[in-house]
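Structure first, then comments.
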Amino acid sequence: MKSLVKLIAIAFLFTGCKKVIQLDLTNNADKLVIEGNITNQAGPYFVKITKSVNFNQTNTYPPVTNAFVVITDNTNLRDTLTYAGNGNYKTNKLIGVEGRTYTLTVTAEGKNYSAKSTMPAFISLDSLRLSYSIANGKERVNVIPRYADPSVLGNSYRFIQKINNKLDETYYVFNDNLNNGLPNQRPLRSSDPDLELLKGDQVQVEMQCISPDTYAYFYSLGQQSGGGFRGGSAPANPPNNIIGDALGIFSAHTSQIKTVRIP
């Protein structure tokens, strides 16, 4: 009898508190995802083109294999990209140079897409410094990229961290709105609470000098996903520089890599 009374009470509680919660998740199915990068390092460079899927589907993004992809720069160099498999199109003669503006055009499935990006000036990553702190009674180690931000306002950066060749799935993007012209003091703190640097770990950091469009794109992705990424398209559409209602980003940026080992 007591058990029956408890069941009736529980049923009444859930009936009385019933509330419909609707999640506003953008349906991105059947949109193109265009991800292209031009760097100051030697080519070839790649543009990856896939199709997005619904948020509730598995992270399998069908490659687009029959696109016509061209990149030009402001010196009138034109490069028609070659399909290299798995949705990737590679350049044949393009050169990544600071200050040049690159224009991407894509024709796929009867639609036209375009994007433009100017490669920022190179800013040197001087070294990687280790920062020690106490969190939950344990010593934590983080890496601080050492570089001097120029006195001219408007610089943006992206950092990609690998620990023992494993990617740290965090969007690290900085700008100089609060520390213009000053040496960087911001550490790379992972969004993964279980990720910590241990003695003997080797950490590789890539520093990219990126455009404001690229900063806005990755900053928005980081906000939506709590700082980390899991691959593929996001459930909402972050701002990008692609004209034609496609997802993704076309980025011309500088790139440099340094490594450090945790003593």
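On inspection, LYS162 does not qualify as open to solvent by 20 Å² or more (accessible area, probe 1.4 Å), charged (D, E, K, R) and without any contact (Cβ under 8 Å) to a residue 12 or more places away in the chain.
Listed here are the residues, each with its yes/no results for (1) open to solvent by 70 Å² or more (accessible area, probe 1.4 Å); (2) modelled with pLDDT of 95 or more.
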residue	(1), (2)
GLU35	yes, yes
GLN41	yes, yes
SER52	no, no
THR60	yes, no
ALA67	no, yes
ASN74	yes, yes
LEU77	no, yes
THR82	no, yes
LEU94	no, yes
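Among residues of the stretch 110-133 being closer than 23 Å to TYR45 by Cβ and either in a loop (DSSP other than H, G, I, E, B) or without any contact (Cβ under 8 Å) to a residue 12 or more places away in the chain (or both), the one that is most open to solvent (accessible area, probe 1.4 Å) is PHE122.
The test for being more than 30 Å from ILE163 (Cα to Cα) and either within 23 Å of the chain's Cα centre (by Cα) or surrounded by fewer than 19 Cβ atoms within 10 Å (Cβ to Cβ) (or both) holds for LEU104.
The values are calculated or read from the model by the stated rules, or taken from the named source; none is laboratory data. Since the structure is predicted, the reported quantities are computational estimates derived from the model, not experimental observations. Here Cβ is always computed from backbone atoms with ideal geometry, including for glycine, and neighbour counts include all displayed protein chains. These accessible areas exclude ligands, DNA and RNA; they are computed on the full protein's heavy atoms, side chains included. Shrake-Rupley method; radii C 1.70, N 1.55, O 1.52, S 1.80 Å.
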